[in-house]
Amino acid sequence: MLRQILIQTPVYVWAILAFLVYRGMVASKDRLVNYPSVFIIPAVMLVLGLQSITRGFGLETLAGAAWLAGALIGAGLAYTFTGPITVDRAAGVVMQRGSWLPLTLMMAIFCCKYAVAVTVAIQPALSGEPRFAVPVCLAFGLFNGIFLGRLMRTVAAWMMSSTIARYAA
């Protein structure tokens, strides 16, 4: 059965996995990043998460509400617990500290999406079952929220550096 699942997995899924692993490895090292680039991974992960929820469960359902609740909780936690962020607004860069958290989150999201897709392909009725849909969507929301909270923290640091620079001049 596992062999059949792997064979029937579209090739683009493996390309997405390779991209996520690559980006996760890059994120494990300290680096200077152009400010617009900090939006890429959170945006990709948000699109993937919303796509899963919309296609599999619907945004206007209890599952959609669970996703939103998870996203709010995850964003709040990440915003609160993300350490200081160094920005150089004049150079247009953000110093991103190396961390394995992005790779861990991306792999968790990928594995959850893959497992849910396989499960729903085998048992389509589960997508309408709240005992399945709500926890899945809550988990996706938490993952997406963590990316968004880290992004919000970076944007806040960027905006604060602009404010400080204006008042210092």
Between a residue in the stretch 50-75 that is closer than 17 Å to residue 109 by Cα and any residue that is surrounded by 15 or more Cβ atoms within 10 Å (Cβ to Cβ) and among the basic types (Lys, Arg), which pairs come within a Cβ distance under 6 Å, given they are 6 or more apart or on different chains? 52/113
Determine whether the stretch 100-120 contains at least one residue that is over 21 Å from residue 10 (Cα atoms), polar (S, T, N, Q) and either out of contact with any Pro (no Cβ under 6 Å at 6 or more places or on another chain) or in contact (Cβ under 8 Å) with a residue 24 or more places away in the chain (or both). yes
Looking for whichever is modelled with pLDDT under 90, within 20 Å of the chain's Cα centre (by Cα) and under 23 Å from residue 16 (Cα atoms) here; the options are 98, 83. Which one fits? 98
Selection from the stretch 10-31 of residues of a type in the set (Gly, Ala, Ser) and without any contact (Cβ under 8 Å) to a residue 60 or more places away in the chain yields 15, 18
Pairs needed: first member in the stretch 127-143, free of Cβ contacts under 8 Å to residues at least 24 places away in the same chain; second member anywhere, hydrophobic (A, V, I, L, M, F, W, C); C-beta distance under 6 Å; at least 6 residues apart or different chains. 132/126
Starting from residues that are within 20 Å of the chain's Cα centre (by Cα) and of a type in the set (Gly, Ala, Ser), keep the ones in the stretch 110-156 and report whichever is farthest from residue 18 (Cα to Cα). 156
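The values are calculated or read from the model by the stated rules, or taken from the named source; none is laboratory data. Note that the structure is predicted; figures quoted are calculated from it, not measured. With ideal geometry, Cβ positions are generated from the backbone for all residues, glycine too; neighbour counts draw on all protein chains shown.
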